[in-house]
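A.B. asks: This is the structure I want to talk about, given as structure tokens.
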Amino acid sequence: MTSDTLFDRITAYEHRADPYPLYAELRESKVARQHDGSYLVGTYDEITALLHDPRVSSDPRNLTDPDESVFRDDSLPPAFIGVDDPEHDRLRRLAMRPFGPPHTPGRIDALRDDITAIARELITGLLGRDRIDLVEDFAYPLPVTVICRLLGVPHDDIPRMHAWTTTIITSLDLTPGQDRHQKRQTALEARRQMAGYFGELARNRRGHPSDDMLSALVNDSGSDGPLTETEVMTTAVLLLIAGHETTVNLITNGMLTLLRHPEELARLRREPELMPATVEELLRYEPPVQLLPRRTPLTDIEIAGTTIPKGATLILVLASGNRDPLRFSDPDRFDPTRRDNQHLGFGSGVHNCYGAPLARVETQIALTELLRSLGPLQLAADPPPYRRSPVLRGPRHLLVAQGPGTSYAP
């Protein structure tokens, strides 16, 4: 089925605040071919099947569209998020050794006290203020501080990380009519500069390890042997960007959703032990990653009665699958007590989000501390201004008023 303008409408900024009616339209056709030859998939079962299908590639070099050549960077290898097995498996296993089980199973839990301390320090600076931007004042500095400490990036270099990351993330804005080639080239240059920074940092750690992840990536190796210098660089860039960008959106989307549902917010204040389940529902209801824009079949495949040719651009709309009524009952209702909540908020399959355990812990702590420490909050604007990207969707600013005289927004 062809829906010539659906992707253009989904990516248009005027629909950023509420893309869900468009996702419902997409689910009616399950698979929608676009005028440029790409295919949108929006139903839960079909997305899940494709995420687990070894015939579907995450490597943009397998795309046949010549316009996709702007994604290539011959000076640096792709990070593991952009390659297929067996190379993906090797790189991911090496990156996982200093991050989680089985080699360092206590890494994330050991960060809980530090994350809590950072959150409380940030909140201390918010107390007594009439107006707060929850993005700039809290949701951004918390995860970026955590991931920089985890990687061993000096605090004074965080502004450089922010500038490079912003440039790279801006390239994910798929607004029609923009010069995508120029944006990609600018993003590639920012990636090279960030990679060069990590390369220098890694060389200083080689043979002189500290307890940060970058030191472990440089000085430790498994049975596959060590990462090469360029592999360390590209892996560090990926971990830095992915380690905070999605969490910023998850925290911000979470607070926005709770402020729109004051009964659930009040319940969480009374019963903070419900926070883990609440975060899982937030990942379903308002996921920070809305879609995966660059998958492609390695051979012709059929999905929901539609044949998708080898090399075609395949766009998996995760946020649409999360609202599929064939999978979730009453899917447009925010329900922190929802059972069997196997959402697609972190993807699925072999490319399931590497940093999901850290993002969960950070968001649970962030929302718990905000609700514990701040008084009544009221949204200054609803909907708030959103970021340009339809891929990493979240408010650019989330202005709230606080004080004993405020009340929760309806």
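A.B. asks: Take the conditions in contact with a His (Cβ under 9 Å, 6 or more places away or on another chain), open to solvent by less than 20 Å² (accessible area, probe 1.4 Å) and under 14 Å from Leu259 (Cβ atoms) and apply them to Pro384. Does it pass?
C.D. replies: Yes, satisfied.
A.B. asks: Are there any pairs, at least 6 apart or on different chains, whose C-beta atoms fall under 7 Å, with the first in segment 17-35 and closer than 15 Å to Leu326 by Cβ and open to solvent by 10 Å² or more (accessible area, probe 1.4 Å) and the second at pLDDT 95 or above and hydroxyl-bearing (Ser, Thr, Tyr), and if so, which?
C.D. replies: Partner pairs satisfying both residue conditions: Arg27/Thr43; Arg27/Ser320; Lys30/Thr43.
A.B. asks: Take segment 215-232 and flag every residue that is out of contact with any Pro (no Cβ under 9 Å at 6 or more places or on another chain) and crowded, with 21+ Cβ neighbours inside 10 Å.
C.D. replies: The one that is out of contact with any Pro (no Cβ under 9 Å at 6 or more places or on another chain) and crowded, with 21+ Cβ neighbours inside 10 Å: Leu227.
A.B. asks: Here's another thing I want to ask about it. Do any residues in segment 159-170 that are free of Cβ contacts under 8 Å to residues at least 24 places away in the same chain and under 17 Å from Ala139 (Cβ atoms) have Cβ atoms under 7 Å from those of residues that are open to solvent by less than 60 Å² (accessible area, probe 1.4 Å) and of a type in the set (A, V, I, L, M, F, W, C), where the two are at least six apart or on different chains, and which pairs are they?
C.D. replies: As it stands, the answer is His162/Val144, since those pairs meet every condition given.
A.B. asks: Here's a follow-up. Of these, Asp211, Asp109, which one is open to solvent by 40 Å² or more (accessible area, probe 1.4 Å), under 21 Å from Ala95 (Cα atoms) and not in a helix (DSSP H, G or I)?
C.D. replies: Selected residue: Asp211, the only one of Asp211, Asp109 that is open to solvent by 40 Å² or more (accessible area, probe 1.4 Å), under 21 Å from Ala95 (Cα atoms) and not in a helix (DSSP H, G or I).
A.B. asks: For segment 261-272, state whether one or more residues are at pLDDT 95 or above and under 17 Å from the mean Cα position of the chain (by Cα).
C.D. replies: No, segment 261-272 contains no residue that is at pLDDT 95 or above and under 17 Å from the mean Cα position of the chain (by Cα).
A.B. asks: Report yes if Ile251 is farther than 30 Å from Arg203 by Cβ and at pLDDT 90 or above, otherwise no.
C.D. replies: So Ile251 fits the description; yes.
A.B. asks: Right, next: Report yes if Thr165 is at pLDDT below 95, closer than 20 Å to Leu217 by Cβ and surrounded by 14 or more Cβ atoms within 10 Å (Cβ to Cβ), otherwise no.
C.D. replies: So Thr165 passes the test.
A.B. asks: Now for a separate question. When you scan segment 121-136, do you find a residue that is closer than 30 Å to Gln378 by Cβ, within 22 Å of the chain's Cα centre (by Cα) and assigned to a loop (DSSP other than H, G, I, E, B), even just one?
C.D. replies: yes
A.B. asks: Can you tell me which residue is nearest to Leu63 (Cα to Cα) among those in segment 297-316 that are open to solvent by 30 Å² or more (accessible area, probe 1.4 Å) and aliphatic (A, V, I, L, M)?
C.D. replies: Leu298
A.B. asks: It is to be established whether one or more residues within segment 237-250 are open to solvent by less than 10 Å² (accessible area, probe 1.4 Å), more than 16 Å from the chain's Cα centre (by Cα) and closer than 25 Å to Pro21 by Cβ.
C.D. replies: No, segment 237-250 contains no residue that is open to solvent by less than 10 Å² (accessible area, probe 1.4 Å), more than 16 Å from the chain's Cα centre (by Cα) and closer than 25 Å to Pro21 by Cβ.
A.B. asks: Can you name the residue in segment 335-352 that is over 30 Å from Leu239 (Cα atoms) and touching a residue at least 12 places away in the same chain (Cβ under 8 Å) and is also surrounded by the fewest Cβ atoms within 10 Å (Cβ to Cβ) among such residues?
C.D. replies: Residue satisfying both the conditions and the ranking: Thr337.
A.B. asks: On to the next question. If I ask for residues that are at pLDDT below 90 and open to solvent by less than 60 Å² (accessible area, probe 1.4 Å), which ones from segment 168-204 would you list?
C.D. replies: Within segment 168-204, Ile168, Ile169, Ser171, Leu172, Asp173, Leu174, Thr175, Lys183, Arg184, Ala187, Leu188 meet the criteria.
A.B. asks: Quick check on Leu122: is it in contact with a Phe, Trp or Tyr (Cβ under 9 Å, 6 or more places away or on another chain), within 25 Å of Thr252 (Cβ to Cβ), surrounded by 12 or more Cβ atoms within 10 Å (Cβ to Cβ) and free of Cβ contacts under 8 Å to residues at least 40 places away in the same chain?
C.D. replies: Yes, satisfied.
A.B. asks: Testing Tyr285 on (1) open to solvent by less than 10 Å² (accessible area, probe 1.4 Å); (2) under 17 Å from the mean Cα position of the chain (by Cα), one condition comes back false. Which one is that?
C.D. replies: (1)
A.B. asks: Here's a follow-up. With the requirement that a residue be under 29 Å from Thr313 (Cα atoms) and free of Cβ contacts under 8 Å to residues at least 60 places away in the same chain, what does segment 257-285 give you?
C.D. replies: Tyr285
A.B. asks: Follow-up. Regarding Leu326, is this residue on the phi < 0 side of the Ramachandran plot and open to solvent by 10 Å² or more (accessible area, probe 1.4 Å)?
C.D. replies: So Leu326 fits the description; yes.
A.B. asks: Taking segment 148-161 only, how many residues are within 15 Å of Asp211 (Cβ to Cβ) and either in contact with a strand residue (DSSP E or B) (Cβ under 7 Å, 6 or more places away or on another chain) or β-branched (Val, Ile, Thr) (or both)?
C.D. replies: Looking only at that region, the number is 1.
The values are calculated or read from the model by the stated rules, or taken from the named source; none is laboratory data. Everything numeric here is computed off the predicted structure, so don't read it as measured data. A quick note on method: Cβ atoms are made from the backbone with ideal geometry, for glycine too, and the neighbour counts reach across all protein chains shown. All accessible areas refer to the heavy atoms of the entire protein, side chains included, with ligands and DNA or RNA removed. Shrake-Rupley method; radii C 1.70, N 1.55, O 1.52, S 1.80 Å.
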